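Visitor: Below: one structure in structure tokens.
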Amino acid sequence: MDNRSIMSLNNDNDCMSENEDSKQEMDENNHVVDESLMSTTEMVKEMELILCFLIRNTGSAQDGTGARKIDDMIFREMIDVAIVEHDLPYAFVEYRRVREAFQYANPTIKFWCRNIAVADVLKIFEREKMKLRQVLSEVLGRVCLTTDLWRAITLKVISVLLLTLDANWNLRAEILSFCAFRPPHSGPAIAMKLMELIKEWGLCKKVFTIIVDNAFSNDNMQGVLKRQLRKDLVCSGEFFHIRCAAHILNLIVQDGLAVISEAFEKIRDNVKYVKPFDQMTKLISGSSYPTSNLYFMEVWKIQSWLRSNEFYEDEVIGEMVASIKVKFDKYLTDYNDILAIAAMLYPRLKLKVLEYCYHSLDPASCKSEMDYIGNKMLKLYGVYKKKNTSTQSSQEAYALPAGYDVIKYWKDNSNRFKELSRMVFDVLCILIKTVSSESSLVKYMSRLLPSNFQALICARNWLRGFEVIGFNGDNRRSREEQEENITEI
């Protein structure tokens with residue numbers, strides 16, 4: 001590792017432990033994660049990785065001879081980054097057996113206490129934050145935001161996630177904030193907090209959409225935020241607000257299940273009626289691939305399914321379908337404009353497939369629906385089209401084979417469809433569900449200061465990214481099934 005790339009860490013000798021059996025006094029303001037939360041398997045794997053590195057780079061360390069002199073700052077940096085990336089407790093640096101193993105690998109290693117590890121992680125957080133801010137300042141298109149609130153022990157937490165395509169058309173999901181949010185938790189208060197973050201990250205002129213669940217406070221928040229950003233939003237914020245599709249699907253399914261909760265003898269038959277919703281939820285929950293272009297077809301399939309089962313002969317199933325249809329009509333009947341446009345921008349769909357879908361649902365309103373979406377798309381395209389630019393020779397995109405990467409297609413054809421590809425650049429980075437981080441809270445919230453758990457969670461995301469969400473076998477099959485349906489149409 002290049003020494004120049006290592007951060008400047010204060011080498012506080014007073015905090016270094018000279019006796020492995022002694023315990024460090026903990027500063028009252030620096031609570032740490034309980035070491036019992038660290039599983040034996042995780043500890044063994046982490047030790048193997050670190051010891052392999054040390055043994056490869058040292059001589060015979062057992063008797064203290066032949067050991068290569070190591071750079072204490074580089075070693076300390078590596079352990080601190082391991083704490084962040086691998087979810088280790090700060091007390092990891094004080095474990096007796098860990099220190100004995102390090103001492104065996106190289107007797108010259110100098111140890112440090114957990115308080116210094118806390119300070120080091122905060123420095124890593126600030127360093128990575130500066131890097132991310134620089135990356136975002138160079139983003140060519142716009143960004144999409146998603147935010148969520150939840151209660152954790154004694155306080156509420158607000159998480160803000162950013163999605164965009166970088167200069168190489170790679171989809172990026174970055175946590176901008178993961179911090180305590182004190183009362184009031186009203187819409188205007190949430191909007192004020194988000195506006196502070198948007199200004200802090202220099203995104204006032206780059207926001208495209210915001211994805212939230214359908215809580216009343218979020219409805220108020222997006223209205224306030226839209227008014228503050230209106231002059232910098234695309235089409236004055238006409239496409240700004242998007243509801244979390246996964247949250248809406250959950251509400252719809254819960255209503256249906258409530259109807260059949262007592263019909264346990266029919267559970268095997270009932271499962272197949274919930275399956276379409278489960279498949280859609282898995283498909284749209286991905287963060288490693290675009291999902292905005294998938295929304296229209298999935299909602300259309302559910303709407304078609306509801307219509308075909310509306311008068312089902314079984315009374316219980318019929319009642320369930322009727323209950324689901326009420327919620328569906330409330331939230332999903334009117335397809336989100338920007339997500340319908342995203343489907344048109346998917347070269348395997350385009351206008352013909354959308355026309356088929358609308359016609360299959362209601363032939364009488366098909367033309368008006370197509371005209372409406374077409375006008376919305378032209379309005380959006382007008383924002384991206386440069387003035388005094390010659391008309392492009394062709395606006396017709398080639399049809400793609402099944403399974404073709406839609407981002408790769410538009411990247412490869414960005415010179416051919418200049419303005420259109422710029423519009424696609426922004427539309428494809430829309431995530432149609434909020435990304436929840438409740439699982440991260442359980443381990444940290446009750447044991448760390450808000451500044452410390454934000455440093456851990458954000459730095460971990462910036463260093464290693466999200467776990468690959470929604471790209472397992474089930475999701476891959478769901479995407480393949482959608483491709484087959486498009487081919488059949």
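Visitor: Please state, as a whole number in µm²/s, the translational diffusion coefficient that the Stokes-Einstein equation yields for region 151-259 at 10 °C and 1.306 mPa s, with Rh defined as the Kirkwood radius across alpha carbon pairs.
Guide: Answer from the Stokes-Einstein relation: 103 µm²/s.
Visitor: Can I ask one more? Would you give the gap between the C-alpha center of region 319-341 and the C-alpha center of region 158-224, rounded to a whole Å?
Guide: 26 Å
Visitor: Would you please put 102-111, 374-383 in order of how densely packed they are, using the mean number of other Cβ atoms within 10 angstrom per residue and starting with the highest?
Guide: Descending packing order for the listed peptides: 102-111, 374-383.
Visitor: Rounded, prolate or oblate: which fits region 69-109, taking a ≥ b ≥ c as square roots of the Cα gyration tensor eigenvalues, rounded meaning a/c under 1.5, else prolate when a/b beats b/c? Please report the intermediate quantities before stating the final value.
Guide: Numbers: a/c = 2.74, a/b = 1.29, b/c = 2.13.
Here region 69-109 falls in the oblate category.
The numbers here are math on the coordinates, done by the rules we state, and not lab data. For clarity, every value in this text was computed on a predicted model and none was experimentally measured. Note that each Cβ is placed from the backbone with ideal geometry, even for glycine, and that neighbours are counted across all protein chains shown.
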